[in-house]
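Here the structure is laid out as structure tokens; the discussion comes afterwards.
The values are calculated or read from the model by the stated rules, or taken from the named source; none is laboratory data. These numbers were taken from a predicted model, which means no experiment stands behind them. We place every Cβ from the backbone using ideal geometry, glycine too, and count neighbours over all the protein chains shown. What goes into the accessible areas is simple: the full protein's heavy atoms, side chains included, and nothing from ligands, DNA or RNA. Shrake-Rupley method; radii C 1.70, N 1.55, O 1.52, S 1.80 Å.
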Amino acid sequence: MIFPAPTSKIDPKLARGVLQEKTSAVVKVTFPNTNYELHLVPDGAVQTPVGKRIIGIIKAQARRIDVVRTGGRYVEPLVGHPRRVQGMVVAVDGATNTVVVDAGMPVHCTPTDARQKATDFEPGQFVSFDVLEGVSFAPVGD
């Protein structure tokens, strides 16, 4: 965790964490005020030194996105490659067919169910979905 917790405002569609480990196959990122350590596939070169703050975009492909009414914001499992995500929609981009979900950190998800598109969802809705393997992390301003 970052101590003290960060107070500077950034775009709510960007994930802010601390880089714990990096290889060509995986980056391990922890997030402030959580116990999460997500193992993500790097999407581009990661120049940030291990132990330093990193900002980027987490991208996932959703099997099917369901609107839910109960539960909390989370990513399963706490440590490892993400398999399930639940949270509140913060943005929808019809041009890229992407829904940005705040699940403790923003996750940009693309629906893979042919019956769904990003514009089917609205900011403020609570959604839940399983993700396909290969959730990636694209550093921003690295």
Out of curiosity, is Gly141 in a loop (DSSP other than H, G, I, E, B), exposed (fewer than 13 other Cβ atoms within 10 Å of the Cβ) and in contact (Cβ under 8 Å) with a residue 60 or more places away in the chain? yes
Qualifying residues in the stretch 14-71 (those that are more than 23 Å from Val99 (Cα to Cα) and of a type in the set (Ser, Thr, Tyr)) - the one least open to solvent (accessible area, probe 1.4 Å): Thr48
Quick one: would you say Gly104 is of a type in the set (Gly, Ala, Ser), in a loop (DSSP other than H, G, I, E, B) and surrounded by 14 or more Cβ atoms within 10 Å (Cβ to Cβ)? yes
Six or more apart or on different chains, Cβ under 8 Å: which pairs go from a residue in the stretch 78-105 that's of a type in the set (Asp, Glu) to one that's open to solvent by 50 Å² or more (accessible area, probe 1.4 Å) and part of a loop (DSSP other than H, G, I, E, B)? Could you list them? Asp102/Pro12; Asp102/Arg73
Only one of Pro49, Pro32 that is in contact (Cβ under 8 Å) with a residue 24 or more places away in the chain, touching a Pro at 6+ places or on another chain (Cβ under 8 Å) and part of a loop (DSSP other than H, G, I, E, B): Pro32
